[in-house]
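Contents: one structure, followed by commentary.
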Amino acid sequence: MAEIVESPPRWDAGLRLLGGLHYLVLTGRASWDRAADVLVEEREFLRRFVAEQRVQTNEVQRCWALLPCFLEAARQLDATTIDLIELGTSAGLLLFWDRYGYQYEAGEWGPPDARLELKGEERGRVTGDLLGRELTVRGRVGIDLEPVDVTTDDGALLLKSFVWADRTDRIERLERAIESLREHRPEIVQGDFVELLPALLERRRRDGLTIVLQIAAAGYLDKGGWEGLGSALEAGGGQGRLAYVFAGHPEPLSHMHWGLWLTTWPGGERTQLAYADFHGAWLDWRL
């Protein structure tokens, strides 16, 4: 193990190693019942994978927890047309949230012919009034340092490798989302979202609502990155309607789940909308 993982290990070294093992299993080069042998036989591959491959997760089930946040942003800012920017978009699966179908206790949302249907456990109910809102996503763009192109077999394989191997439900959702994305390829810009976001906000159209989405990616920022992101959002909010939907520490503080937050401009008012499972399995809507 010491020959595979550098010392001292990165905080995500375990995730990278498991991702590399799963990658080998998915390609038929290894099996889980021989994992100890694989660590020796595929040592060089695993060493490179752990050293070079960023963790890439793009859990589409999160859209089930995010949809009410988008609807609430549109309600607060009286919008029906949305332009979406996602920070740390990976393959861009969350960019197409409006093309999935959703089931909640109070009703359904989404196109009737959706390829993928999402549902989960409601610990706090989403209201029927909110689900009655109709939205049109006019534009969508993602930003990522190392975007994954799942229109290729290699890209799809990489995303699957970072899903726990026993979570067949997640893998099946991922496969359906990839099929849908291949019909409508997203616009993804490669680069640092702190650097690129100001220009995207500057040239956005002003006759709709721009929603900036960020799930987990900001956790990799240093202090300067956080300040740059905040400055970009404040400047963008001064130029027209803007909403920032993001996952962060809930109040009261917990490390077992997320808080889902909304900040809107004009005004910069921040509201905690919900508590949610990290992968969107459950949602506790608070409004």
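Values quoted throughout were computed directly from the atomic coordinates according to the rules given, and no laboratory measurement underlies them. These numbers come from a predicted model, not from an experiment. Virtual Cβ from ideal backbone geometry, glycine too; neighbours counted across all protein chains shown.
Going through the stretch 70-101 one residue at a time, which ones are free of Cβ contacts under 8 Å to residues at least 24 places away in the same chain and either part of a helix (DSSP H, G or I) or under 15 Å from THR264 (Cβ atoms) (or both)? Steps first, please.
Pass one, the stretch 70-101, residues free of Cβ contacts under 8 Å to residues at least 24 places away in the same chain: 78, 101.
The one that is free of Cβ contacts under 8 Å to residues at least 24 places away in the same chain and either part of a helix (DSSP H, G or I) or under 15 Å from THR264 (Cβ atoms) (or both): ASP78.
Would you mind stating whether ARG182 is out of contact with any Leu (no Cβ under 7 Å at 6 or more places or on another chain), loosely packed, with under 15 Cβ neighbours inside 10 Å, assigned to a loop (DSSP other than H, G, I, E, B) and touching a residue at least 12 places away in the same chain (Cβ under 8 Å)? Spelling it out, it is not the case that ARG182 is out of contact with any Leu (no Cβ under 7 Å at 6 or more places or on another chain), loosely packed, with under 15 Cβ neighbours inside 10 Å, assigned to a loop (DSSP other than H, G, I, E, B) and touching a residue at least 12 places away in the same chain (Cβ under 8 Å).
Tell me, please, whether a residue that is part of a helix (DSSP H, G or I), farther than 30 Å from ARG133 by Cβ and of a type in the set (Lys, Arg) can be found in the stretch 50-69. Give the steps one after another, and end with the answer.
As a first pass, look at the stretch 50-69 and keep what is part of a helix (DSSP H, G or I): 50-52, 62-69.
Checking the rest, the ones that are also farther than 30 Å from ARG133 by Cβ come to 50-52.
Of the ones still in play, those that are also of a type in the set (Lys, Arg) are none.
Within the stretch 50-69 (the criterion being part of a helix (DSSP H, G or I), farther than 30 Å from ARG133 by Cβ and of a type in the set (Lys, Arg)), the answer is no, since none of the residues qualifies.
The set of residues in the stretch 191-237 being under 18 Å from GLY267 (Cα atoms) and among the hydroxyl-bearing types (Ser, Thr, Tyr) consists of THR210, SER231. Contact annotation: residue pairs with Cβ atoms under 7 Å, 6 or more positions apart or on different chains, pairing a residue in the stretch 125-137 that is touching a residue at least 60 places away in the same chain (Cβ under 8 Å) with a partner that is of a type in the set (Asp, Glu), are ARG125/GLU105; LEU130/GLU72; LEU135/ASP98. Of the residues ALA235, ALA243, the single one that is crowded, with 21+ Cβ neighbours inside 10 Å, within 22 Å of LEU200 (Cα to Cα) and touching a Leu at 6+ places or on another chain (Cβ under 8 Å) is ALA243. Say whether the condition of being of a type in the set (A, V, I, L, M, F, W, C), touching a Leu at 6+ places or on another chain (Cβ under 6 Å) and not in a helix (DSSP H, G or I) is met by at least one residue in the stretch 210-218. Looking for residues that are of a type in the set (A, V, I, L, M, F, W, C), touching a Leu at 6+ places or on another chain (Cβ under 6 Å) and not in a helix (DSSP H, G or I), one finds at least one in the stretch 210-218, hence yes.
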